[in-house]
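Participant: Dropping the structure in here first, questions after.
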C-alpha cells in the first residue's frame, strides 16, 4: 500500500471543520445523567489462571441501563497498592480475550482493567457480554446498528459502558483512583477519545491520561469518502441501499465522532498513526489529534498500516504511563 493520504507536512496542520449538532452537549449530559442510577457496585471474583505472580479477577459491572458488562482485572501479587492502573478498550469485533493476553502491564507494576465489548467478541478476541438492546436494521458489524437515531445507536450504549468501566476500576481497593490511564487502539482508540471527554463531565477523578492509537470513529464522513475498507465500508454499503438516509445517518454519527470528543478533553494524550493505514486513514487520525484540546503528542510510523507500531508502540505506552504517574 503506497502513501495514499495527505503528505505528513499537511497532515500535521490538517484541521478540518467539525460537524457538530447544536444539542451535542445536552445529548451527552442527558445520557450520562440518566445512566447514573445504574452505577451499581461491581463484583470482582478471583480466578486461577495459572499466573502465580499475578492476581487475576473476573469483573462484572453495570453498564448501559444496568446491563452486566464483563472485564478482567490483573495486578502484581507482590504489590499491595493502591496501584496506578490502565483501563483498556478493545478493537472492532473483539472482546476481553484471555487473561494471558494482558500480563505485560501487571508485570511492570501496574493494575490492568480490560473492558469487554457488548455484542462483540466473535472476531479477533472472544468476549462474554451480550448487547441487551439490539435495535433496527443494520449491515453486519456494529457501525450501523441503531444508526437511525442517536438515542438508539450502538455506540451510545458502548460509550456509557466505558464511562462506567473507569468507575468500576476505581472502586477496587487495589486501584489508585487518582492514577488511572485509559487506552485503546482502532475502535478502542475511538472509545478512549470518547471516554476521556465524557468522564471529565461526570467523574470527580477522571483519568490522568489517554493512549489513543490509530483511532476509529473519527472524522467518519471523510473516512467513507477516501477508503473502501471495513468497517467504514459498512456505512457506504448501508447508504447505498438507503439513499434517502444519508444526512440522517451522518447527523447521528456526529454525536459519536472522535473529532468532537477531542475538543472536549484536556487530559494528556498520546496518539499514534500509520501513514499506510487504509482502515483508519491518517487524515482521520490527525483530525482528532489536531483538534484535541489537551496536551498531546503523535507517534508516526511512516511505513506501517493499521498495525502502526505493534510491540514498538507497547514500549511507548509504558514510557508514557510512567511519565504520567511520575515514576
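Participant: I'd like the full set of residues that are in contact with a strand residue (DSSP E or B) (Cβ under 8 Å, 6 or more places away or on another chain) and assigned to a helix (DSSP H, G or I), limited to the stretch 168-198.
Facilitator: Passing the criteria: 168, 169, 170, 187, 188, 189, 190, 191, 192, 193, 195, 196.
Participant: When only residues in the stretch 308-326 that are touching a helix residue (DSSP H, G or I) at 6+ places or on another chain (Cβ under 9 Å) and closer than 23 Å to residue 279 by Cβ count, which is surrounded by the most Cβ atoms within 10 Å (Cβ to Cβ)?
Facilitator: Top of the filtered list is 317.
Participant: Restricting to strands (runs of 3 or more DSSP E) lying wholly in the stretch 36-91: which have 2 or more residues that are modelled with pLDDT of 95 or more, surrounded by 18 or more Cβ atoms within 10 Å (Cβ to Cβ) and touching a strand residue (DSSP E or B) at 6+ places or on another chain (Cβ under 6 Å)? Walk me through it before giving the result.
Facilitator: Numbers: elements: 43-46, 54-62, 68-76, 83-89.
Counting at least 2 such residues, we get 54-62, 68-76, 83-89.
Per-residue answers, yes or no, for (1) part of a helix (DSSP H, G or I); (2) under 19 Å from residue 184 (Cβ atoms):
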residue	(1), (2)
260	yes, yes
264	no, yes
276	no, no
305	no, yes
308	no, yes
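Participant: Can I ask one more? Considering (1) more than 11 Å from the chain's Cα centre (by Cα); (2) outside any strand (DSSP E or B), say which one residue 155 fails and leave the rest.
Facilitator: Unmet for residue 155, out of (1) more than 11 Å from the chain's Cα centre (by Cα); (2) outside any strand (DSSP E or B): (1).
Participant: So which residues in the stretch 280-303 are part of a loop (DSSP other than H, G, I, E, B) and either surrounded by fewer than 21 Cβ atoms within 10 Å (Cβ to Cβ) or at pLDDT below 95 (or both)? Break it down into steps so the answer makes sense when it comes.
Facilitator: We begin by selecting, within the stretch 280-303, every residue part of a loop (DSSP other than H, G, I, E, B); these are 280-281, 292-295, 302-303.
Selection gives 293, 294, 295, 302, 303.
Participant: Another one. Looking at (1) in contact with a helix residue (DSSP H, G or I) (Cβ under 8 Å, 6 or more places away or on another chain); (2) not in a loop (DSSP other than H, G, I, E, B), can you tell me which one residue 20 breaks?
Facilitator: (2)
Participant: On to the next question. Would you mind stating whether residue 226 is in contact with a helix residue (DSSP H, G or I) (Cβ under 6 Å, 6 or more places away or on another chain) and at pLDDT 95 or above?
Facilitator: Values: in contact with a helix residue (DSSP H, G or I) (Cβ under 6 Å, 6 or more places away or on another chain): no; at pLDDT 95 or above: yes.
Here the answer is no, as residue 226 does not meet what is asked.
The values are calculated or read from the model by the stated rules, or taken from the named source; none is laboratory data. Note that the structure is a prediction, hence the values are computed from the model and not measured. Virtual Cβ from ideal backbone geometry, glycine too; neighbours counted across all protein chains shown.
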